[in-house]
Amino acid sequence: MGMSGCQALEEWARLVLASYASSGVSVTNMTSAWSDGKAFCALIHAYRPDLVDWDTVKTNSPSQ
């Protein structure tokens, strides 16, 4: 049996972002993993490093 769409997307993101784990990026679920924006920035940086200066990315508290 295959994965659902959300499960497949989560697995893809986990694989793409594995090299960012040492920077505190961890995709464990599709809600909290994206809450501070760092995983999103890492995903963009993984494919277009010219668009995001990874050294300046900071972890922000999620909006309440």
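The values are calculated or read from the model by the stated rules, or taken from the named source; none is laboratory data. Predicted model only: the values in this text are computed from it and were never measured. So basically every Cβ, Gly included, is an ideal-geometry build from the backbone, and we count neighbours across all protein chains shown. We work out accessible area using only protein heavy atoms, side chains counted, and drop any ligands, DNA or RNA first. Shrake-Rupley method; radii C 1.70, N 1.55, O 1.52, S 1.80 Å.
According to the Kirkwood expression over distinct Cα-Cα pairs, how big is the hydrodynamic radius of the chain, in Å?
Numbers: mean 1/r = 0.0810 Å⁻¹.
Mean inverse Cα-Cα distance, inverted, gives 12.3 Å.
Compute the angle between helix 38-47 and the longest alpha-carbon principal axis of the chain, please, reported from 0 to 90 degrees and rounded to the nearest 10.
Value to nearest ten degrees: 90.
What ranking of 31, 56 comes out by heavy-atom accessible area, probe 1.4 Å, highest first?
Descending order: 31, 56.
For residue 33, what is the net charge nearby, where nearby means another residue's Cβ is under 11 Å from its Cβ and Lys, Arg count +1, Asp, Glu -1?
Neighbour charge sum, excluding residue 33 itself: 0.
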